[in-house]
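Quick note: the coordinates plus some simple rules give every number you see, no bench work behind them. In this text, all values refer to a predicted model and were calculated from it rather than measured experimentally. Note that we place each Cβ from the backbone using ideal geometry, even for glycine, and neighbour counts take in every protein chain shown.
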Amino acid sequence: MNFFERQRLLRRQSGRLVFLFLVAVAGIIVVIDLAVAFATGAFTSASSYQLAVNMGFTSLAVAVTIALAALVRSAALRGGGGGRVARELGGVLVPPDTRDPALRRLRNVVEEMAIAAGVSVPEIYVLPHEQSINAFAAGWSTSDAAIAVTQGALDRLNRDELQGVIGHEFSHIVNGDMRLNIRLIGLLFGILFLSIIGRNLMIFGGGRGGRDNRNPIPLIGIALLIAGGVGVLVGRIIQASVSRRREYLADASAVQYTRQTAGLAGALKKIGGLPSGSQLRSPKRDEVGHMLFGPGSRLSGLFATHPPLADRIKALDPTFDPAELEQLRQRWAAQPPSGLAEDAARGLVEPGVTRPAGPATLPHPGTRARVDADAVIARVATVPESTPDYAAALIAQIPEPVLARAHGIDTVVPLVLGLLMAEDEQARAAQHAELARHHGQELADATLREAQELAGLHPLLRVPLVEIAAPALKARSEAERRNILVAVSGLIHADNTITINEYCVARLIYSELYESMQPKPTRHSGRETAAARWAEIATLLAVLAQAGTDPAVAERAFAAGLAQVLPGQSLPYAPPPNGVLALENCWGGLDALRPEDKQRLVAAIVATIGYDQTMSVAESELLRTVCALIHCPIPPLPPTLEPSSR
């Protein structure tokens, strides 16, 4: 199942989720209507018309209450992105520049997975009060995503096992599962809210009337409590049915991300062999049960959010015998495993604490490689076998001082702005003056120094550096992030010349920061057709053809791309007069395309940029950046361009 098929599956699951939720709400309304009518004596004292009016009013009140509660809960989660969910469970943010060995190991694994997957590094949290082994990913998009792991996972898992768990969670990030997960939290809370109201009515609604006073409020409270409880049970069944199949898919993706099954299988075995397992202590564990790596409670049967542990292990290791778990329980009863000690026994050196020697040689910037659209499509949101090692090698090629500044909250801004400084001295002077005029001499000078140091940075390292710097950028206050957006815009406009590569990197930075402040739960609606968005498609392909090919063949490159996404249509090749800036009005419509149309659009982008069936390193990075802007992440390097052997 490729990325686009997974998107179609998620769209069907989302529609099914909403349908089942509406059925559950309808059932709750009927139960409450009957209970209220009985409690108020409406069946015996009211006319048929009055009874219908009363029940209609009750139905409306219940429906509005559930809807408002769900909307308020979803809005609250939207405001804080994935980090909001992690903090509600007691999560503590891992600083980008942490030097703690265990936290550094975690951050290194997450960074390697992010670069391998072609997305920005998410926020990282640890749940320090949870000694079990568990993790989850949350957020509306890759730009506001967060990964959280329990203290138990940090302490008990070795690097391979931790990498397997993180790979599992990245599958949920890149494939969009987490958006459905957060939506489900909001819907479940809407139903649960009735139980909260019912409990309060029972406690505070009794009153002190006389003997003949038939106060219906406690009875209504009981009805709400019962109906809400039944609704929660139905919601748990929905929650479980949505979650179980996706866990198998995420396990398979984790194996693909990490190139081996032993790590993920080992993590699952430690869950089964340790007394704490994967159960969480947090009272919110049931609310987020469908998001977790392992079951957060001991629910089973219809309410189980995860497949049986033994089945998951056996899918990874067909030779596994469930009796092995009992042996592990006995072995670890007296002495639980230590992940860091296991790593030390294997002689592992952790990148970022001690830099590895002899990283893979990067291809020459002028290297060209053959490119195939089908291979690129297959690569979207997947990680070919060599990519994780190569991602680690890319990070290792970034000079240590530069990497340290990318992790530093106080040093990251001039570093990222330095990536946008022009090579031409006159243009760079104009950019420096623009920064000094609007953002101060200190920032302008620091940015100029960074630009001079980054001048020789390999083209393949520029986008990964932005992805690594993302958490430190997002750690700045909202006001500071808005100033960064203004500075980014000012830099690329300062010299009155904007190249396509310069624009796309700037737009990637802009999208990451803007979406982190303004998450869009409705993004990826996936309902727009290519035919309906022909104007945006034509503009994108015209800009790419104009910028990426010889002017003599630009029109043919445009036609080749158009044939991939809108076959049979003949549109004129008309590069917009304002060049790449015309794309500002295109991204929203392109991002809303149906999965099948977005798949054809990616093929069209490849056909246009690689009209001669080859791509340079710079062109491959342009392809990756454009695809990232329409949320189709592609790992580093074009399909046939492999890293040098080590």
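Odds and ends about this structure:
- Theoretical gain in end-to-end length, residue 409 to residue 527 [0.36 nm per residue, Cα-Cα removed]: 38.6 nm
- Simple spin-label estimate for residue 50 and residue 329 in nanometres, 7 Å along Cα-Cβ: 6.3 nm
- With the largest listed first and rounded to whole Å, the semi-axes of the equivalent ellipsoid of region 78-132 from the Cα gyration tensor are 19, 16, 9.
- Rough spin-label spacing in nm, given labels placed 7 Å along Cα→Cβ, for residue 18 and residue 297: 2.8 nm
- Note on the chain: with charges restricted to the Cβ of Lys and Arg (+1) and Asp and Glu (-1), its dipole about the Cα centre is near 2480 debye.
- Summed over all non-identical Cα pairs, the Kirkwood treatment of region 86-199 gives a radius of 14.8 Å.
- Histogram of C-alpha separations across region 265-347, 10 Å bin width, %: 16, 41, 35, 7, 0
- Proxy reagent accessibility, fewest Cβ within 10 Å first, across 196, 182, 147, 605: 196, 182, 605, 147
- Inverse mean reciprocal Cα-Cα distance (Kirkwood Rh) of the chain, Å: 26.7 Å
- Separation of region 102-131 and region 565-594, taken as the distance between their Cα centroids, equals 36 angstrom.
- Percent of C-alpha pairs per 5 Å bin in region 393-508, short distances first: 2, 12, 25, 26, 21, 11, 3, 0.
- Charges were assigned to the Cβ only: +1 to each Lys and Arg, -1 to each Asp and Glu. The resulting dipole of region 393-508 about its Cα centre is roughly 360 debye.
- Listed peptides 628-635, 159-166, 330-337, 57-64 appear in the order 159-166, 628-635, 57-64, 330-337 once ranked by packing, highest mean of other Cβ atoms within 10 Å at the front.
- FRET efficiency for the pair residue 433 and residue 34, taken as 1/(1 + (r/R0)^6) with r the Cβ-Cβ distance and R0 = 60 Å, rounds to 0.20.
- Phi angles of region 366-376 translate, via the Karplus equation with coefficients 6.51, -1.76, 1.60 and θ = phi - 60°, into HN-Hα couplings of x, 4, 10, 9, 5, 9, 10, 4, 4, 5, 5 Hz per residue; Gly and Pro are given as x.
- Full extension of the segment from residue 103 to residue 372, taken as 0.36 nm per residue of separation minus the current Cα-Cα distance, would add 92.9 nm.
- Total lysine pairs whose alpha carbons fall under 21 Å of each other in the chain (8 or more apart, or interchain): 4
- Inter-site label distance for residue 499 and residue 222 at 7 Å from Cα along Cβ, in nm: 7.6 nm
- In the chain, taking the dipole from charged Cβ atoms about the Cα centre, the farthest positive-side position among 632, 606, 50 is held by 50.
- For region 417-423, backbone phi angles converted through the Karplus equation (6.51, -1.76, 1.60; θ = phi - 60°) give residue-by-residue couplings of 5, x, 5, 9, 6, 6, 6 Hz, Gly and Pro being listed as x.
- Proximity of backbone amide H atoms, modeled 1.01 Å from N, is registered between residue 125 and 94, 147, 148, 149 at under 5 Å, excluding neighbours fewer than 5 places apart on the same chain.
- Stretchable slack from residue 341 to residue 68, in nm (0.36 nm times residue separation minus alpha-carbon distance): 93.3 nm
- The H on the amide N of residue 294, modeled in the peptide plane, is under 5 Å from the matching H of 135, each at least 5 residues off or on a different chain.
- The mean sequence separation of alpha-carbon pairs under 8 Å and at least six residues apart, normalised by the residue count of the chain, gives a relative contact order of 17 percent.
- Listed residue (263, 587, 576) projecting farthest to the positive dipole end of the chain, Cβ model: 263
- The C-alpha atoms of the chain define a longest principal axis, and helix 595-609 lies at about 10 degrees to it.
- Converting phi to 3J(HN,Hα) with the Karplus coefficients 6.51, -1.76 and 1.60 and the offset θ = phi - 60°, region 103-114 yields 6, 5, 4, 4, 5, 4, 4, 5, 5, 4, 5, 5 Hz in sequence order, with x at every glycine or proline.
- Candidates 96, 158, 66 compared by Cα position along the dipole of the chain: farthest toward the positive end lies 66, with charges placed on Cβ.
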